[in-house]
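No value in this document is a laboratory result; all are computed from the given coordinates. Fair warning: this is a prediction, and the values are worked out from it, not measured in the lab. All Cβ positions, even for glycine, are placed from backbone atoms using ideal geometry, and neighbour counts span all protein chains on display.
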Amino acid sequence: MNTENQVEKLNRLEFLKKLGLNGASLMAVYCGVTMSSCKNEDNTAATPTGKTVTYDMSTSTFATLLNKGGFYVDSTNSIVVANTSDNGYVAVTLVCTHEGQRQIKYATNKFMCSAHGATFDNRGNALTVASRALTTYKVTQTGNVLTVTL
């Protein structure tokens, strides 16, 4: 085996120690790097377009919205529409403000992101993990038809 081309693999802590960092300076660098690595709250706010999307709840596709706690994920328009217990119908962006993951769902009376566990209240306000609210959209109802203005 040719040992000249062999690469030594180090983990982050070993690498920092080899740089001569120790004690408080090591903790500052190591914790600073690891603590910030999960926080990537880029601007994920949606820009209003004025476009409208309708959901006819008399069809089987959207019938779940007739029930409190029912929701529909519209991947095409990047929104989640939910029938909340206190605000009626609410539409929020599908994109989480924590790291931009498209994993917002609605359950147990709140919006949540399955990527990192961020939770948001029925108005889209951040409760845990994320520091910014979800973008919300105007929802109007005429009979069994919901209209969301993006």
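Quick notes
- Full-stretch length increase - residue 119, residue 87 - with 0.36 nm per residue and alpha-carbon distance subtracted: 9.8 nm
- Residues in segment 79-109 reached by a label modelled at residue 67 [backbone nitrogen below 16 Å; 7 Å Cα→Cβ]: 82-85, 106-109
- Peptide packing for 88-99, 62-73, 128-139 was compared via the average number of neighbouring C-beta atoms within 10 Å per residue; ordered from the highest value, the list is 88-99, 128-139, 62-73.
- Local charge for residue 149 was computed over the other residues whose Cβ lies under 13 Å away, with Lys and Arg +1 and Asp and Glu -1, and equals +2.
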